[in-house]
Amino acid sequence: MLALYYTAVGWLFATASATAQVPFHTTTNGERDNLVNAPADSQFYQFKWPIRKVAIIGAGVSGLLAYRELVDAGFSHIRIFERDAVPGGNWHYTDDVPDKAPIPNEDPRIADYEPTLPPPGAVLPFERWYDDRNDSMGMSTAERWRRHRAPQPLYKSLTSNVPAPLMHFSGHDWPPGVPWHLPYRLLQGYLRGVFSYHGINSNDDSPVTSYSTRVELVEKRHDERGWTLTLKKFVRLGAASCKEVWWTEDFDAVIVATGTFNAPNIPNIPGLAEWARRSPESILHSREYRDPKVFANQSVLVVGAGTSATAISADLQSSVKTNYISVRPSKNSTTPPVFLNLLHHDVNIVGGIARFHPDNASIELADGTFLTEIDRIIFATGYQFTFPFLPQYHNSSIGLDEEGPMDKPQPLVTDGSHYRSLYLEFLYIEEPTLAFMNMNLGTVTWTLGEYFALAIAKVWSGKAMLPSQAEMWRVYREGVKARGGYGKGILFLGMGGNTGYVNYFTGWLNMAAYEYGGKTIDGLTKDWKEILGQFALAWLHTNPNPPHIPGSGKNHSDSEGKLQLLGAGAERKSSLGEDVLQYLISGY
């Protein structure tokens, strides 16, 4: 038997052909039982129960990729749960905005939402009815729906920062003439169209899907052979009335495909909490941004230097009176400053914020200067990472460089800056019947997601093997060490300049196909990186007059260090620096 895994954290790339086809074979229930009952001395991980019923949390890009591969692998009992009323995930735009981000941040365990459960001992399904005229909490139906579905962080002018040829599902190419910068409306329609193709759109009345349904709790069953999901569905009864319905369903395995743009992160800068208390409407998180006209003739400070910060600042320029962007240099930053090239030359680039002074409404910068008469502050400072439906795997008391107690399951989330305890970024090592789709950064979600989805389907159907749990932990911990320890940096895979991760999955899954049957998968096309590189060069050099760096006497393109990567006088190359590509493809 071939050892279908690699033990070196640097990945030993397989050389199996990515194009050879193997006749498809669906794993039978009997074969799955044999897989579970593998010999005790097997070098592979032994699942504790057969996997037949699978739940998918989320109906976005990742959820669809997972569903397609599970169906192809022969799984017949699949359920998709989506808190919104339609599919599309992060690409479903509405003018509605989410609730204000809390300042300071909530604990990661409830940073997205605080789960609500039926009363103890309630007979399920349990229903609770609400009417706007006599609601005990003073909430309207519209407010309840907004909290339930959580509007996505899209704004009207948003386009993709990944070129169209790399942003599609296999078998569903874009037609000729589609712009490489895809407007969100095209992506929104495209996603719904592909969901309809598979018969699982919100208007398909499919038993597979449950829309307007939020997963409140995922917990191991009492017999330790699977998972129980506690679910809550929002049902609108009229313009001013609604009900919530709770029930449970049992599954053998669960895929978390909820994305990484759910729980806003606002840094705990001295004085900010008091500023927000006195002037709550002056502060918002980038997820609340929709239209620059709202900020007409105002002085606006955007905090951050990544894709969202620079794009929002650029979008504001035509409407605001004064446009500031605060950039905090850090040797640990994952943001290449080259994104500042996208800004208008009249944008004022300032340093990081040292303190807010609410008494005189001034903002002290790290260099000792002050900003005054700022009307609005937009924090484009990213998101916390959280799984509110898995509270048993959160532990915010663990330090950044620590692991959890060895006598308890290792956590998935600690301080909210990263995820952890995932083998090859997609399986929870403590219990590999809990899988995750596209929780890392620095990747093209549509591309890498196909490898994750196929790996999940193959492993759970017995068409590929995992190493022992001890070996999975060893590989994982060596990977954390190689990436510099815990923190946001471990979420970046470096796919921009290094396709080794994809090569590993291609080799592993294709070798598994030769050994156990099932489908193979192609690696990245030869022009994949070339397309991405040329796209980034064109995108980041369309601005003939970028802003100036304070005190440098130079525009951003002529600055020192990393700023020269795409500088006006720099040599144009077909491939970009690793850090630029890595961050470029980590956004929407």
Right, Thr230: modelled with pLDDT of 95 or more, of a type outside the set (A, V, I, L, M), assigned to a strand (DSSP E or B) and open to solvent by less than 50 Å² (accessible area, probe 1.4 Å) or not? yes
Do we find a residue being under 22 Å from Val215 (Cβ atoms), among the small types (Gly, Ala, Ser) and at pLDDT below 95 anywhere in segment 423-442? no
Scan of segment 200-220 for residues that are assigned to a loop (DSSP other than H, G, I, E, B) and either open to solvent by 30 Å² or more (accessible area, probe 1.4 Å) or among the aromatic types (Phe, Trp, Tyr) (or both), ordered by number: Ser202, Asn203, Asp204, Asp205, Pro207, Tyr211
Scanning for something over 15 Å from Thr506 (Cα atoms), under 14 Å from the mean Cα position of the chain (by Cα) and of a type outside the set (Asp, Glu), does segment 445-464 turn up at least one residue? yes
Within segment 29-61, considering residues that are of a type in the set (A, V, I, L, M) and at pLDDT 65 or above, the one farthest from Asn90 (Cα to Cα): Ile51
Any residue at all in segment 459-475 that is in a strand (DSSP E or B), open to solvent by 10 Å² or more (accessible area, probe 1.4 Å) and among the aliphatic types (A, V, I, L, M)? no
For segment 250-265, give me each residue that is part of a loop (DSSP other than H, G, I, E, B), open to solvent by 30 Å² or more (accessible area, probe 1.4 Å) and modelled with pLDDT of 95 or more. Thr258, Asn265
Can you tell which of Pro292, Pro336, Pro329 is surrounded by fewer than 23 Cβ atoms within 10 Å (Cβ to Cβ) and at pLDDT below 95? Pro329
Do the conditions hold for Asp223, that is, is it assigned to a loop (DSSP other than H, G, I, E, B), out of contact with any strand residue (DSSP E or B) (no Cβ under 8 Å at 6 or more places or on another chain), at pLDDT 95 or above and more than 30 Å from Ala305 (Cα to Cα)? no
Determine whether Asp375 is at pLDDT 95 or above and touching a helix residue (DSSP H, G or I) at 6+ places or on another chain (Cβ under 8 Å). yes
Do we have Phe387 as aromatic (Phe, Trp, Tyr) and under 20 Å from Pro264 (Cβ atoms) here? yes
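Condition check ((1) assigned to a helix (DSSP H, G or I); (2) open to solvent by 50 Å² or more (accessible area, probe 1.4 Å)) across all residues:
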position: Tyr113; (1), (2): no, no
position: Leu117; (1), (2): no, yes
position: Val123; (1), (2): no, yes
position: Glu127; (1), (2): no, yes
position: Met137; (1), (2): no, yes
position: Arg144; (1), (2): yes, no
position: Gly177; (1), (2): no, yes
Whether any residue in segment 99-108 is of a type in the set (A, V, I, L, M, F, W, C), under 16 Å from Met437 (Cα atoms) and touching a strand residue (DSSP E or B) at 6+ places or on another chain (Cβ under 6 Å) is what I want to check. no
Kindly establish whether Ser170 is on the phi > 0 side of the Ramachandran plot and touching a residue at least 40 places away in the same chain (Cβ under 8 Å). no
Verdict on Ser319 being more than 30 Å from Leu70 (Cα to Cα), part of a loop (DSSP other than H, G, I, E, B) and in contact with a helix residue (DSSP H, G or I) (Cβ under 7 Å, 6 or more places away or on another chain): yes
Which ones in segment 425-445 are open to solvent by 10 Å² or more (accessible area, probe 1.4 Å) and of a type in the set (A, V, I, L, M, F, W, C)? Leu441
The number of residues in segment 362-407 that are open to solvent by less than 70 Å² (accessible area, probe 1.4 Å), assigned to a loop (DSSP other than H, G, I, E, B) and free of Cβ contacts under 8 Å to residues at least 24 places away in the same chain is 8
Subset of segment 146-159, residues assigned to a loop (DSSP other than H, G, I, E, B) and crowded, with 16+ Cβ neighbours inside 10 Å, comes to Ala150, Pro151, Gln152, Pro153, Leu154, Tyr155, Leu158
Return yes or no: is Trp247 open to solvent by 40 Å² or more (accessible area, probe 1.4 Å), at pLDDT 95 or above and either farther than 25 Å from Ala142 by Cα or not aliphatic (A, V, I, L, M) (or both)? yes
Determine whether segment 505-526 contains at least one residue that is open to solvent by less than 40 Å² (accessible area, probe 1.4 Å), modelled with pLDDT under 90 and not in a loop (DSSP other than H, G, I, E, B). no
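The values are calculated or read from the model by the stated rules, or taken from the named source; none is laboratory data. Everything numeric in this text was worked out from a predicted model, so none of it was measured. Cβ: placed from backbone, ideal geometry, glycine included. Neighbour counts: every protein chain shown. In case anyone asks, the SASA skips ligands and DNA or RNA and just uses the protein heavy atoms, side chains included. Shrake-Rupley method; radii C 1.70, N 1.55, O 1.52, S 1.80 Å.
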